Amino acid sequence: MGLFILRRFGVMLLTALCLTYIVFFMTNLYPNLEKLAKTQGNFRMSDEAVASFLEDRGYLQSTPRKYLEWVGLAPGYLTEKDGVPLGKCVRPGMTVEEVPNYCGILQGDWGWSTVAKAPVSDVLGTRLANTGYLMWWVMVLMVPSALIIGVLAGMREGSKLDRSLSTVSILSTATPEYVSGVIFIVFLASSRYGLSPWLAEMGLIEGKTLFKGTAAKAMETPTFENFFLPVLTIALYGMGYIARMTRASMAEVMTAQYIRTARLKGVNFRNVVIKHALRNALIAPFTVIMLQVPWLLNGVVIVENLFNYKGFGWQLVNAAGNNDIDVLLAVSVVSVVVVLLTQLISDIGYVYLNPRIRIS
Amino acid sequence: MEPLTWTGPFGAFVDPIFSVVLVVFLILVAIQVVGAYALPAVNDRILADGTIIRDRGPNAMIGMAVRYALLALLALIVVYIVAGMFTPLGTVGIVGALAAQLSPVWISLLATFLISIVYKRKLGLYGKLFDSTVGMIGFGIVMFWVYTAVFAGVFDMITTHDELAQVSGMKNKGPGTPLRGIEEGDYPYYLLGGDNLARDVFSRVVEGSWIVITIAPPATLFAFMVGITLGLPAGYFGGRLDTFLSFLANLVLAFPVILLFYLLVTPEIVAIGVPNYLAVVLFIFPIIFVAVLLNSRFYTRPRLRTPLLISVVGLMFWFYLCLVSAKGSAIDVLPSTLDLFDISSGFLVVFVSVAFVNSITVFRIVRGLALDIQTRDYVAAAQTRGEGPWYIMLWEILPNARGPLIVDFCLRIGYTTILLGTLGFFGLGLPPESPDWGTTINDGRKLMQLYVHPVLPPAFALLTLVLGLNLLADGLREESLRD
């Protein structure tokens, strides 16, 4: 078991290295650097000015060299111009003597966000906390409802309830976040259309709308009003898939021999479902839920931009649009870690839950 | 001119009937779902002579009522459509005008269904689809959009205005607003209103379907070619090749898709031709696939194989060069006399990135299927017979994996449509005035709380197409399992 986990961590490290190198390569192509220089300096820079700007800050070294600097295995680029230090490790207000020799991941320095003008770890830290909070509530909403729908549908395969719940789950998998988010905002959070004007007229809600169409305030003061719609939007897209997997697994268990035996012994249906079927039926959905987390990450990007909630996904789009290299790299490291960690947890959890499987 | 209402004078007496039937239907469905649990499943009546009559009791009656309510609802919808098609513009309001604009689609759908149902026993898996209600509904929705796209994109029917034309005074105007100062031959209304640049929403949604239909299915097909060509050997040979390819696949899968799109599709990257090089690599896979397919089948008959291979691969290679080379892009190899068509760079970029992302997942599916199927007896028989590995992969394993692959193909077109929408939503790839659904949703969402009509039609269009594909896949799965 220990060896297995160790090997998985090795693969994880290798994947993260390859992936960040690809991101590094793509973001360090010359047209991207040119854009970076122009947003940093001014937009009417001549080509020579751009070249010297990049040269001074060490952007024109070879890509592997720059990559090693980022990892922290090579000393950071440093030059001096008119007494002001320029280079990879330079932070505003430093004198030449203060600039450290190495500044990479290994030294715990994630770089400098050229857009936010702040260290990446500070920028991304708050964003990740915001997204973590969002994801937590998504999970709280999504997992129980998906499992309940799946179990109810799967315990009597082919019944009317099964048909209607399966239709609901197909509908939810067919509705991407940007469609359901838009529909929710229009029907629940608009003061002119949908439910809100109707409810406001009857005096059932205090404000103008039932929910808020933006979650911009939810970073400081999350309330049900401004936070529920983003959570619901993400949860709905993932819910259908988990529910269908749970339904399939439940339906399979319900046809098993021991369920028939229990029925023939005279155990009533409720006890058969709760005591005999449920525990075995929930092994497969556990894996699915864990593997769904990377997918949620995708939904997070869309929903955070739709609802203007400044989290990880919002930061990703912001950084990618402005070629904020260090932030993009940190973002890809985080996402690799999330993806591979959830895979690892799902593998290990599967072994613990299912006594028929052993890692040899 | 008066603006159109939703159902016009015709609706004045049909609308109340429709809403009553709808409410009755919804109540009945709710009763049915609850009744399936609350009421006894069987109803026994013991007669005086000691025999028992058993039926399903009240549940059967509720079920029948639901069916008739549904039929009445469908009949009313057909009444609206037919009335809209055969009465002058305005009698049945916006709904009727939309139905009239879409009349070629209704006629083709009707013809397709009639022919398919008559000949369904002779049509294999496709015919079996018409045994399952879910499959038929899904197929109907998908074909609705396919016909809409084809009639709009190829024959230039259905649309009422040019999708890029801006008409003064129509900015953010609601559905059914008449145009001012129209000339002879112009369509007098914006049926679904105007967007924030005063363009016709209805025409844009219809034109958008053509973009989706031209990108999503072909891109998925390319993804399948790539996935199959790499996945079969990875699963069949295993070993180092498998380890290497799987590592690469996991690498790409660990990327958040949107970051990948941002890296591939930003204008700076497009300018140096990264998507073009990716296209060069991706588009070669169908040629490899077909060449290996034909060679493994006919290599024992060189006199047939050699001319066949040369002609087919030659033709495909020419198309390939036409596809990848375009004037002024990074790859410009073919002289313009031989170049049949140029593909606009925005289109190519979107096509390639969507195909690339999908091919990875297809690779994993095919690899898994190959691993499973290669343990079967008929594979062992073929090996004993002395067949080559490529023959076994392409002519023994692949045909036996077709069921799950066809189902996944349908699902994946839906997923590709969602991805396309995502690209449009972030304003990547396609030009900003493009009428595709994602871009239109992105355009409309800025003013969404004030004007909903520009954003809801594309959202529902995307939703229905993906839903249709999902239902179609479900129907196909059900029917292919029944074999």
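Can you give the alpha-carbon Rg of the range B:1-148 over 2.2 N^0.38 Å, where N counts its residues?
1.43
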Subject >> Residue-averaged [θ]222 nm for chain A, counting only DSSP H segments that reach four residues, each worth -39500 (n - 2.57) >> reply: -21500 deg cm²/dmol
**OP:** Give the range of the longest stretch in chain A that excludes all trypsin sites (Lys or Arg not before Pro) found in loop regions by DSSP and having at most 10 other beta-carbon atoms within 10 Å.
**Re:** A:118-355
Subject >> Surrounding net charge for A:D56, when Lys and Arg each add one and Asp and Glu each subtract one, Cβ distance under 13 Å >> reply: -1
Original post:
Using 7 Å Cα-to-Cβ label points, what is the B:F237/A:R263 separation (nm, one decimal)?
Top reply: 5.0
**OP:** Quickly work out the B:T214-to-A:I348 label distance, labels modelled 7 Å from Cα along the C-beta direction, and quote it in nm with one decimal.
**Re:** 5.1
Subject >> Environment charge of B:V379, counting only residues whose C-beta is closer than 10 Å and scoring Lys/Arg +1, Asp/Glu -1 >> reply: -2
Original post:
In chain A, what cysteines have no partner Cβ closer than 4.7 Å?
Top reply: A:C18
Subject >> Most mobile listed residue (A:V272, A:V182, A:V333) in chain A, GNM with C-alpha springs under 10 Å >> reply: A:V272
Subject >> For chain B, the longest site-free run once trypsin sites (Lys or Arg not before Pro) in DSSP loop states with at most 13 other Cβ atoms within 10 Å are removed >> reply: B:1-179
Original post:
Any idea what % of Cα-Cα pairs in the range A:275-360 are farther than 17 Å?
Top reply: 59
**OP:** List every residue whose amide H lies under 5 Å from the amide H of A:A118, counting only residues 5 or more places away in sequence or on a different chain, with H placed 1.01 Å from N in the peptide plane.
**Re:** A:S113
Original post:
So how strong a dipole does chain A carry about its Cα centre when Lys and Arg Cβ are +1 and Asp and Glu Cβ are -1, to the nearest 20 debye?
Top reply: 2080
Original post:
Once you have the alpha carbon radius of gyration of the range B:125-230, what is it after dividing by 2.2 N^0.38 Å, with N set to its residue count?
Top reply: 1.42
**OP:** Give me the compactness ratio for the protein assembly as shown, meaning the Cα radius of gyration over 2.2 N^0.38 Å.
**Re:** 1.04
Subject >> Per residue, the convex hull volume that the Cα atoms of the range B:361-422 enclose (Å³) >> reply: 73
Original post:
Assuming R0 = 22 Å, what is the FRET efficiency of B:S336 and B:E433, from their Cβ-Cβ distance, to the nearest 0.05?
Top reply: 0.20
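May I ask for the equivalent-ellipsoid semi-axes of the range A:214-302, computed as the square root of five times each C-alpha gyration tensor eigenvalue and listed largest first in whole Å? Intermediate values should be presented prior to the final figure.
Numbers: eigenvalues 290, 44, 15 Å².
Equivalent-ellipsoid dimensions as semi-axes: 38, 15, 9 Å.
A 28 angstrom limit on the alpha carbon distance is what I want to check against. Which of A:K117/A:K208; A:K160/A:K275; A:K35/A:K117; A:K35/A:K217 exceed it?
Where the Cα-Cα span goes over 28 Å, the pairs concerned are A:K117/A:K208; A:K35/A:K217.
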Subject >> Centroid-to-centroid separation of the range B:235-282 and the range A:320-349 [C-alpha atoms, Å] >> reply: 16
Subject >> Rg followed by Dmax, in Å, when the range B:324-467 is reduced to its Cα trace >> reply: 21.6, 71
Subject >> Solvent-accessible surface (1.4 angstrom probe) belonging to A:T167, in square angstrom, nearest 10 >> reply: 80
Original post:
What whole-number value in Å² describes the accessible area per residue of the range B:363-483 for a 1.4 Å probe?
Top reply: 39
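Translational diffusion coefficient, Stokes-Einstein: compute it for the range A:152-245 using the Kirkwood radius over C-alpha pairs as Rh, at 4 °C and 1.567 mPa s, and state it as an integer in µm² s⁻¹.
For the chosen part, D equals 87 µm²/s.
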**OP:** Whenever you get a sec, line up A:L152, A:L3 from highest to lowest accessible area (probe 1.4 Å, protein heavy atoms).
**Re:** A:L3, A:L152
**OP:** Output the Kirkwood hydrodynamic radius of chain B, Cα pairs only, in Å rounded to one decimal.
**Re:** 26.1
**OP:** Could you rank A:L236, B:L241 by how accessible they are, 1.4 Å probe, largest area first?
**Re:** B:L241, A:L236
Original post:
Within chain B, which is the longest segment containing none of the GluC sites (Glu not before Pro) that sit in a DSSP loop and have at most 10 other Cβ atoms within 10 Å?
Top reply: B:185-483
Original post:
So, in nm, how far is label A:V11 from label B:I137 when the simple model puts each one 7 Å beyond its Cα toward the Cβ?
Top reply: 4.0
**OP:** Any chance you could look up the accessible area of A:W198 with a 1.4 Å probe, heavy atoms only, rounded to 10 Å²?
**Re:** 150
**OP:** Would you please state the base-10 log of I(q)/I(0) at q = 0.06, 0.10 1/Å for chain A, with intensities from the Debye formula using one equal scatterer on every alpha carbon?
**Re:** -0.34, -0.80
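The values are calculated or read from the model by the stated rules, or taken from the named source; none is laboratory data. Keep in mind that this is a model prediction, so the values were computed, not measured. Cβ coordinates were reconstructed from backbone atoms using ideal geometry, including for glycine residues, and neighbour counts include every protein chain displayed. Heavy atoms of the whole protein, side chains included, go into the accessibility calculation; ligands, DNA and RNA do not. Shrake-Rupley method; radii C 1.70, N 1.55, O 1.52, S 1.80 Å.
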